[in-house]
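Asker: Take this structure, written in structure tokens, and hold onto it; I'll ask about it next.
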Amino acid sequence: MDIGDLTDEILRDLRGPRPYPAVSLLVPTTRRDPFSPEDPVRLRNTVAEAKRRLAEDAGVSRAARMDVESHLDAAVAEVDLTHASDGLLILVAPGEHHVWYVPRSVPQRVVIAKTFLTRNLVAAVRVEEPYWALALSKGEARLWDGAGDTLTEATANGFPVQPALPDHQDAVPGRHFDMPVREEGHVERERQYLRTVAAALTRVLEQHPRPLYVVGLRELTSHFREALPNGGRITAEVESGGAPGKRGHDLLELLRPAFEERRQSRRDEVLQRLSDARGARRFTSGLDEIWQTVRQGRVALLAVEDHYQATVRTDGNGGHPQLVESPAEPLSADPSLHEDAVDEIVESALASGADVEFVPDDTLAGEDRLAAVLRY
């Protein structure tokens, strides 16, 4: 499934506990070359590693192993590498399997635990967040439903919207609604058209609030901002003529600079919140401190570097984690080992209602890759 299909309900279900073994496979794939010969090799090797670890794991019964292996084979059969994004996530447990195409780079790895590895899905949703794109001209307004690099036209809630039928002035042969006309009647019809678009879009935003990008000529998008109740809902305006006539691929290329600007703005906001928290003495960082505070429900904002992962050992009470550089397999033989402690921290933060944000690698190098704003 694509990241655009991931709802809050699906994510909550995937984050829930599973019967052991819950197997998570991460496979890097090649977005720009859907026929890359490396992708099937990586997938085959990752599956082989998962089956080897299952066979060697004394905590996995023969029946459970056969069940999981059958679902693993079924999941692999569903994979379409010509549809590849930047990463592939396969989740398998007794009685179920799931395949997700992730629009973010991922490391090649296998994790076997009592829960699925979901941090990559959470990160993708945070960075490749769903959005609305309004392609606007004086002759038509079309709405697009976007998530990452997936853009699909939305045709409900009155879209596409077109102006009311023109009067005799606009019906003169050779004259189009898009042509500049100074008559007050024409100006009023344009205002009414923009109010109609704004009303239709308001209904959509009330049902599904998301960032909104408006693509069109600057003067028209400026007038539309005035017509839209709470015009501050517009995340960015992208100037381009003939926007409604563009294909989804062309719109995506126009929107990419606005996407990156928003990502940078969010990163800056996260770093500012961390800086403010440090001054207010509500800041902490590092695996050990955050392992403790997140379980106490004290974390308000968790910032994690994209690819940071750590295997740790704790005592029986889940106390201070000690990094394990080269854990012996099978990991299930030692209940004090946590194969992906960072994923557990992310899950605990989400469960307590904390904001979780992912930042580029090395952003938090001075903070041991993890930092948090504390509630108290």
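Asker: So what are the ³J(HN,Hα) numbers for segment 154-163, from phi and the Karplus equation (6.51, -1.76, 1.60; θ = phi - 60°), rounded to whole Hz, Gly and Pro as x?
Answerer: After applying 6.51 cos²θ - 1.76 cosθ + 1.60, I find 9, 10, 9, 6, x, 8, x, 10, 10, x Hz.
Asker: With a Förster radius of 56 Å, plug the Cβ-Cβ distance of Arg32 and Ser61 into 1/(1 + (r/R0)^6) and report the FRET value to the nearest 0.05.
Answerer: E(calc), rounded to 0.05, equals 0.85.
Asker: Of Val68, Thr293, Thr314, which is farthest along the charge dipole of the chain in the positive direction, counting Lys and Arg as +1 and Asp and Glu as -1 at C-beta?
Answerer: It is Thr293, whose Cα lies furthest towards the positive end.
Asker: Going by amide H atoms built from the backbone, whose H comes under 5 Å of the H on Ser85, apart from near neighbours?
Answerer: Amide H neighbours of Ser85: Val102.
Asker: At 7 Å along Cα-to-Cβ for each site, give me the label-to-label distance between Asp5 and Ser105 in nm.
Answerer: Placing both labels 7 Å along Cα→Cβ, they lie 2.7 nm apart.
Asker: Between Leu370 and residues 5 or more places away or on another chain, which pairs have amide H atoms under 5 Å apart, with H built 1.01 Å from N, and which residues are they?
Answerer: Gly286
Asker: Now for a different question. What is the magnitude of the charge dipole of the chain about its Cα centre, with +1 placed on the Cβ of each Lys and Arg, -1 on the Cβ of each Asp and Glu, and no other charges, expressed in debye to the nearest 20?
Answerer: Value, rounded to 20: 580 debye.
Asker: Would you mind calculating the gained length between Asp80 and Arg295 on full extension (0.36 nm times residue separation, minus the Cα-Cα distance), in nm to one decimal?
Answerer: 73.5 nm
Asker: For segment 203-275, which trypsin sites (Lys or Arg not before Pro) are both in a DSSP coil and crowded by at most 13 other Cβ atoms within 10 Å?
Answerer: The qualifying sites are Arg247.
Asker: Further question on the same structure: Put a dot 7 Å past each Cα toward the Cβ at Gln264 and Arg12; how far apart are the dots in nm?
Answerer: Calculated label separation equals 3.7 nm.
Asker: Find which of Gly216, Ala200, Ile3 sits farthest along the positive direction of the dipole of the chain, computed with +1 on the beta-carbon of Lys and Arg, -1 on that of Asp and Glu, about the Cα centre.
Answerer: Highest projection toward the positive end goes to Ala200.
Asker: I've got another one for you. Kindly identify segment 1-128 as rounded, prolate or oblate by the Cα gyration tensor criterion: order the square roots of the eigenvalues as a ≥ b ≥ c, call it rounded if a/c is under 1.5, otherwise compare a/b with b/c, prolate if a/b is larger, else oblate.
Answerer: Taking the square roots of the gyration eigenvalues as a ≥ b ≥ c, segment 1-128 is oblate.
Asker: Between Val356 and residues 5 or more places away or on another chain, which pairs have amide H atoms under 5 Å apart, with H built 1.01 Å from N, and which residues are they?
Answerer: Counting only residues 5 or more places away or on other chains, the set is Leu302.
Asker: Could you tell me how far the Cα centroid of segment 89-159 sits from the Cα centroid of segment 1-34, in Å?
Answerer: If you average the Cα positions of each part, the centres end up 10 Å apart.
Since every read-out is calculated from the coordinates, none of them should be taken as a lab result. Here the structure is a predicted model, which means the values were calculated and not measured. Counting neighbours? That spans all protein chains shown, and the Cβs are built from the backbone with ideal geometry, glycine included.
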